[in-house]
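Reading through the structure tokens given below for one structure.
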Amino acid sequence: MKKWMRYIVLTMLFVLFSPAAFAAAQNNKAVLTAGNDSVSVGLNLPEGKLETITSLRLKLCVTVESGSIKEPSFQFESTLKSAVKDAEIIQETDGSYLVDIILSGKADQDIFENSEYAKLGTLSLNPSGSGYQVKVEAAEFEEDAGAAVKYMDGSGVSEITVPLADAATVTLKDKPAVLQSDFNKKIGLRIQSKKGSRSVNFEWDKIESADGYVLYEYGSKTNGYRAIKTITGSAVTAYSKKFKYASKHTFSIRAFQRAEYGSQKFGEYSEMVKVTLSPDKVKGVKVKKRTKTQISWKKVSGAKGYQIYASKKKNGRYTLLKTIKKARTTKFTVKKPKASKTYYKIRAYVNGDNGKKKYGEFSAIKS
């Protein structure tokens with residue numbers, strides 16, 4: 001630890017404690033959350049502590065119960081307001097590691113920022129092999145004194161040492177080196193896109209041993225897959241994403257497991273599944289009648305053609321009047337209207353992968 005940092009720490013240690021503040025802050029807790037070969041470290045605001053907290057000191061003990069790790073490292077949260085951010089890693093004679101975390105800021109640098117919780121940073125365990133088991137827990141400042149954290153408020157003259165009630169402990173275990181049988185199974189992927197929607201809904205088979213899934217889109221131009229979404233957690237088996245109207249896509253998915261050093265192991269790709277999205281709703285429909293009835297509308301992007309329906313009643317039965325097979329055509333003339341007053345509605349279509357037309361929503365009804 002640098003000399004100027006040690007000076008700040010020693011200054012904090014020799015300031016007189018405040019008994020009143022000590023008594024009011026008994027229910028303080030450290031929050032340790034296990035991740036992938038790492039632990040997220042945070043603190044809850046001490047109960048009854050209203051002043052701005054500008055400095056604190058917390059110690060963690062890292063015990064290797066099986067396997068081996070390299071020296072851990074600590075990365076502070078980038079949003080923390082503090083002039084001093086220091087984490088000294090000390091290897092003890094028994095092979096464990098002591099992580100001494102120190103924050104010290106100016107009078108206006110509130111670590112908690114008017115919140116009841118502050119994330120301090122992430123402790124990376126840096127395993128040197130598979131099959132490890134590591135315990136991380138809040139450590140004591142003095143022997144047999146119990147785990148605690150030291151605080152100082154914005155005045156710079158009032159320090160308190162607060163015991164950590166129910167001091168957090170987490171144990172991280174490496175996943176088995178051998179892939180489970182269900183991980184090697186090819187996933188079944190199902191895709192649905194409703195008429196008139198540009199959302200694609202994905203569903204797939206659950207893989208119990210997976211840490212998550214990666215959804216891919218196949219590109220014909222690049223002749224390869226592009227990852228469009230990483231889903232964390234084996235229990236999540238559905239996802240929805242919006243694309244352009246009247247667009248065509250090919251998707252696949254595969255499971256992954258986290259491995260050592262942050263790498264990943266992947267299962268097999270699913271079968272490729274194709275989908276064609278319906279075109280957008282026809283807009284701007286106009287009907288003009290003189291000796292003949294002329295219908296016009298705005299061009300729909302990506303559409304291959306249009307269908308015009310007619311009815312004698314607005315809410316009656318509509319029949320197909322005309323199929324327009326040219327996308328650039330946006331006008332049609334009715335030479336002999338069926339009645340003195342006729343209602344019209346139009347929808348666009350695209351050609352699907354299975355040879356069937358896929359239709360968009362009908363336009364507003366015009367007469």
Response to the item:
Contour minus Cα-Cα span, SER296 to GLN192, at 0.36 nm per residue, comes to 34.2 nm
Fill in: At R0 = 35 Å, FRET efficiency that the Cβ-Cβ distance of LYS274 and THR329 yields, to 0.05
0.80
Discussion item. For region 296-367 and region 207-284, what is the centre-to-centre distance using only Cα atoms, to the nearest Å?
Written reply: 34 Å
Fill in: R0 of 30 Å, Cβ-Cβ distance ILE89-THR230: FRET efficiency to nearest 0.05
0.45
Worksheet item: Can you list the lysines whose alpha carbon sits under 22 Å from that of LYS135, skipping same-chain ones fewer than 8 residues off?
Response: LYS29, LYS59, LYS70, LYS119, LYS173, LYS175
Worksheet item: Between LYS322 and ASN36, what length comes free when the chain is fully extended (0.36 nm per residue of separation minus the Cα-Cα distance, one decimal in nm)?
Response: 96.9 nm
Worksheet item: Label-point separation (nm) for ASN184 and ASP108, each offset 7 Å from Cα along Cα-to-Cβ?
Response: 6.3 nm
Worksheet item: Using a probe of 1.4 angstrom, how much of the accessible area of region 218-257 is carbon and sulfur, in percent?
Response: 48 percent
Fill in: Under-5 Å amide H pairs with ALA147, H placed in peptide plane, nonlocal only
LEU164
Worksheet item: Which of the residue pairs LYS244/LYS366; LYS265/LYS358; LYS274/LYS335 have a Cα-Cα distance greater than 32 Å in the structure shown?
Response: LYS265/LYS358; LYS274/LYS335
Discussion item. Counting other C-beta atoms within 10 Å, and keeping those with at most 11, which DSSP coil GluC sites (Glu not before Pro) do you find in region 57-95?
Written reply: GLU92
Worksheet entry | Whole-number accessible area per residue in Å² for region 304-367, which is evaluated in the context of all protein chains at 1.4 Å | 64 Å²
Worksheet item: Ignoring ligands, DNA and RNA, what percent of the 1.4 Å accessible area of region 68-117 is carbon and sulfur?
Response: 40 percent
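The values are calculated or read from the model by the stated rules, or taken from the named source; none is laboratory data. Predicted model, so just to flag it, every value in this text is computed and none were measured. FYI the Cβ positions are ideal-geometry reconstructions off the backbone, even for glycines, and counts take in every protein chain you see. Keep in mind that these areas ignore ligands, DNA and RNA; they rest on the heavy atoms of the full protein, side chains included. Shrake-Rupley method; radii C 1.70, N 1.55, O 1.52, S 1.80 Å.
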